[in-house]
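Read through the structure below, which is laid out as structure tokens, and then see the notes.
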Amino acid sequence: MGSGIFRFMKFGVALLLAAAAALMVASCSDSSTSTDLNNRLERAVDEAMSIYGIPGAIVGVWCPRCGETILVKGKGDVETGADVEIGDRVRICSITKTFTVTVVLQLVDEGRLGLEDRLAGFYPDIPNADHITIRQLCNMTAGLFSYDEDETFIRTFTEDPDKVWEPAELVALAVAHPPYFPPGEGWHYSNTNAIILGMIVEKITGKDIASEIRSRLVDGLTLTDTCYPEETGIEGAHMHGYVGGEGEELTDATYLFNPSGMGASGAMISSLFDMKAWVAALADGDLLTDETQSQRTTFVPGDYAYFGIPVKYGLGILSCRGFLGHPGDGFGYTNAAFHSPDTGTTIVVFLNKAPNEGAFMALTLFEQLAEIMKDEDLLVQNSA
């Protein structure tokens, strides 16, 4: 592996939790309700950290009926013992797809692209390009192989972490494999789709997807901690990200991989309050026309599971328990950002460990937090 970049740390879960410092910010009109709710939310976070051996967590819950609960717990840097801070940045991984697809849908609103346009109009050499539509790329029904499942990519990504990947290079790895199914005849989560969408944006606008995301979305919403990085590091205060399965040594993966390997499917960085603002704008439809937002939230028919959790998938957006948003996993981070337009409730989860066993911890924790809110009868529909 790598060239001396790996840093191995061995810490027991009990030691991590014992050393963890926690910050909780809470407000609610009913103090007894607030105390009970905050205790339940904190117990859920503590339990997840204990079960999965997570060094640090930043979790925010905002609800019109109970104000906000923010939990900042554990270690942001295991080696130095530095605590997690509320403003720490993280790699948001696949939440990046919500930005990429939003740019695509804004081009639809501008009349520069159509959801039924064929991929062949942009990249005719991709298999099934005559039959794959922009809609299918956005909602994961195109059938294209996900390049990050390719053995050559996996080996190179880990053995040469500084390698700069070109989007076309990632697509070439994907199309060397047979499609999962003919276009429109199934659903399979594929990072290749977002890479191709980023390439299409560049063909239409003459600017790369990073520039379009920055000018259209990041600057427009004043997301000061959010960026599409071109280099391996993370600027400013940040939680370190770790990988490791149950009982394994933790490996600091924060600086191990060049984000170009995830590109338009998962390269971005953000913070808690930026994510709160972003996912609310995303779910409420503030970024698109009503018609295009309606198309975005038309979900693929059928029952599908994301890491074993029942979900519905739309155009670069996921529906789970009545919330809209997206999870993200990789680079040593596991995240989830969701907002309910009906109730005005927002839940953001940042965890600084991505386990080798493949459990999607942040989405699971989001589900638990949403269930607590429902059980407390706090998910009440907004009045018109």
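The values are calculated or read from the model by the stated rules, or taken from the named source; none is laboratory data. The structure presented is a predicted model; accordingly, all values stated were derived computationally and were not measured. A quick note on method: Cβ atoms are made from the backbone with ideal geometry, for glycine too, and the neighbour counts reach across all protein chains shown.
Only one of ALA267, ALA283 is touching a Leu at 6+ places or on another chain (Cβ under 6 Å) and farther than 24 Å from MET49 by Cα; which? First the steps, then the outcome.
Numbers: ALA267 fails: touching a Leu at 6+ places or on another chain (Cβ under 6 Å).
Every option except ALA283 fails the conditions.
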How about the range 309-358: which of its residues are of a type in the set (Phe, Trp, Tyr) and either within 22 Å of LEU288 (Cβ to Cβ) or not in a strand (DSSP E or B) (or both)?
TYR313, PHE323, PHE331, PHE338
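Which one of these is of a type in the set (Val, Ile, Thr) and part of a helix (DSSP H, G or I): VAL72, VAL61, VAL103?
Working: VAL72 fails: part of a helix (DSSP H, G or I); VAL61 fails: part of a helix (DSSP H, G or I).
None of the other options fit; the residue is VAL103.
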From the list ALA267, ALA253, which residue is in contact with a helix residue (DSSP H, G or I) (Cβ under 6 Å, 6 or more places away or on another chain), buried (at least 23 other Cβ atoms within 10 Å of the Cβ) and at pLDDT 90 or above?
ALA267
Of the conditions (1) at positive phi; (2) in contact (Cβ under 8 Å) with a residue 60 or more places away in the chain; (3) crowded, with 18+ Cβ neighbours inside 10 Å, ARG296 fails just one. Which one is it?
(1)
Condition test on MET275, is it under 27 Å from GLU68 (Cα atoms), touching a Ser or Thr at 6+ places or on another chain (Cβ under 7 Å), of a type in the set (A, V, I, L, M, F, W, C) and crowded, with 22+ Cβ neighbours inside 10 Å?
no
Any pair with Cβ under 6 angstrom, 6 or more apart, that starts in the range 183-196 at a residue that is under 12 Å from TYR123 (Cβ atoms) and ends at one that is among the polar types (S, T, N, Q) and part of a loop (DSSP other than H, G, I, E, B)
THR192/SER146
